[in-house]
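Here is the structure we will look at.
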Amino acid sequence: VRSVETLVIGGGPAGAAAAIELARAGREVLLVERHAGPFEKVCGCFLSPPAIGDLAALGVDVWALGAARIDRVGVLNGRNPVAAALPFTAASLSRRALDEALLRIATAVGAGLRRGRAVAALAGQPGDWRVRLSDDTAIDARDVFLATGKHELRGWARAAPRDGPIGLKCRWRLAPAEAASLAGRVELAAFPGGYAGLELLEDGTANLCLTIRPERFAALGRDWGGLLAWLRAQVPALGHRLAGAVPVEDRPLAIAAIPYGHVARSGDGLWRLGDQAAVIPSLVGEGMAIALRSGRLAAACHLAGTGEATYRRQIGRAVAMPMRLALLTGWIAASPAGGMLLRTAIGRLPGLTAAVARGSRLCLDQ
Ligand SMILES: Cc1cc2nc3c(=O)[nH]c(=O)nc-3n(C[C@H](O)[C@H](O)[C@H](O)COP(=O)(O)OP(=O)(O)OC[C@H]3O[C@@H](n4cnc5c(N)ncnc54)[C@H](O)[C@@H]3O)c2cc1C
């Protein structure tokens, strides 16, 4: 049985950020990631300024990785798309590229990494944990950082509602004229029961990511083709963007029951990071910023010896305001009049758009 000081379960932005900070401080840390190599995730791939800043602090220069610049937000509802300037420059980078870059740095600064094996079981208490991996190896750890994202570890599920929306994501090669007019923008499309985001990635493909209420998806036969046809009818400008486009994947990636609004409030001995700590509605594109910040904050509290409860309070405070705004805007977007309201806000009220875009960010000096 191997023993480690800190075990990090999950190699997304939250787990990698924590592992980097702990390893840099000379602590013994082992990260377990169930995927053996690079892979895509259900994500809009919009990196906000707080995320870009935390990535830079961790050693990842998103621009050097080829990230696309985004400085406008558009709405595809209505007859003609409208757009407004964002009050900052954001980045668009595939999760495959981003998550790999973080894991590379984690190993370069001395974190141990086991890939291609999942944590199958976890038992114990702070100071005395035992995990079993999917290949039956056992590892003892003093502290466990749980960073499994949207996935629950058996017996350690978040205390969150199970009736949340479904997330779907698919990449496309757009027709050249459509790709050219999407450049520099994140475009939103609202529809009853959900919303979608479209933006170009570093390789020029377009990332289409959406959330939809499960009952709406069920009414469409739980069929991707049926959903796309319905979306094209609901938002014709999205149909134009996708006219002549070729999907990169045969089938979309999917995730069910996203617990938007969840914030971990009570302790169970684990340090919960990223989506295990808080799940912000995707519309505002701040989930990765929260994941990175939570990983860094948890590592800082661990190093300072201030404990998990202090960390949990700090991350709870940092997400409170962005969460409120994101829940409200997400709810408006998915309402029956959501498309019209988003269009009015972004087309006619640039001051309000900028205020919401700024207000839904994590505080940079937190
Ligand atoms: C529809 C949708 C759109 C989104 N769009 C955006 C956006 O545009 N911008 C943004 O900032 N955020 C966005 N988000 C949010 C963002 O994707 C997440 O907040 C972020 O990925 C959370 O990071 P994480 O490290 O907590 O989890 P993840 O990135 O999910 O990483 C968790 C890791 O744990 C691994 N794992 C899971 N279980 C185990 C196990 N048992 N053993 C070992 N490894 C395990 C997984 O393989 C994975 O690599 C979106 C989310 C959704 C659902």
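The values are calculated or read from the model by the stated rules, or taken from the named source; none is laboratory data. The structure presented is a predicted model; accordingly, all values stated were derived computationally and were not measured. All Cβ positions, glycine included, derive from the backbone under ideal geometry; neighbour counts span all protein chains shown.
For the stretch 15-48, the set of residues classified as touching a Phe, Trp or Tyr at 6+ places or on another chain (Cβ under 8 Å) and near the ligand (Cβ under 6 Å from one of its atoms) consists of G15 only.
When G339 is tested against (1) under 27 Å from P161 (Cβ atoms); (2) in a helix (DSSP H, G or I); (3) touching a Leu at 6+ places or on another chain (Cβ under 9 Å); (4) within 15 Å of the ligand (Cβ to nearest atom), only condition (4) is not met.
If the condition is being touching a helix residue (DSSP H, G or I) at 6+ places or on another chain (Cβ under 9 Å), of a type in the set (V, I, T), surrounded by fewer than 19 Cβ atoms within 10 Å (Cβ to Cβ) and not in a strand (DSSP E or B), then the stretch 88-141 contributes T107, V109. The number of residues in the stretch 277-303 being assigned to a helix (DSSP H, G or I) and closer than 17 Å to G167 by Cα comes to 5. One residue stands out in the stretch 312-336 among those that are surrounded by 14 or more Cβ atoms within 10 Å (Cβ to Cβ) and in a loop (DSSP other than H, G, I, E, B): the one that is farthest from the chain's Cα centre (by Cα), namely S335.
Conditions (1) touching a Phe, Trp or Tyr at 6+ places or on another chain (Cβ under 9 Å); (2) touching a residue at least 40 places away in the same chain (Cβ under 8 Å), marked per residue:
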{"residue": "R162", "(1), (2)": "no, yes"}
{"residue": "L168", "(1), (2)": "yes, yes"}
{"residue": "A180", "(1), (2)": "no, no"}
{"residue": "Y195", "(1), (2)": "no, yes"}
{"residue": "G204", "(1), (2)": "no, no"}
{"residue": "I212", "(1), (2)": "yes, yes"}
{"residue": "W224", "(1), (2)": "no, yes"}
{"residue": "L231", "(1), (2)": "yes, yes"}
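So, A309, is that one assigned to a helix (DSSP H, G or I), near the ligand (Cβ under 8 Å from one of its atoms), at pLDDT 95 or above and over 20 Å from L31 (Cβ atoms) or not?
Answer is no for this residue.
On the basis of being touching a strand residue (DSSP E or B) at 6+ places or on another chain (Cβ under 8 Å) and not in a loop (DSSP other than H, G, I, E, B), does I52 make the cut?
In short, yes.
Within the stretch 264-275, the residues that satisfy the criterion of being modelled with pLDDT of 95 or more and either surrounded by fewer than 20 Cβ atoms within 10 Å (Cβ to Cβ) or in contact with a Phe, Trp or Tyr (Cβ under 9 Å, 6 or more places away or on another chain) (or both) are L270, W271, R272, L273.
Only one residue in L113, L102, L122 is under 21 Å from the mean Cα position of the chain (by Cα) and within 14 Å of the ligand (Cβ to nearest atom), so which one is that?
Result of the check over L113, L102, L122: L102.
Against the definition (of a type in the set (S, T, Y) and surrounded by fewer than 22 Cβ atoms within 10 Å (Cβ to Cβ)), how does T211 come out, yes or no?
Details: of a type in the set (S, T, Y): yes; surrounded by fewer than 22 Cβ atoms within 10 Å (Cβ to Cβ): no.
Taking the combined requirement at face value, the residue does not satisfy it.
Taking the criterion of being in contact with a Ser or Thr (Cβ under 8 Å, 6 or more places away or on another chain) and near the ligand (Cβ under 9 Å from one of its atoms), the residues of the stretch 130-167 that qualify are P165, I166, G167.
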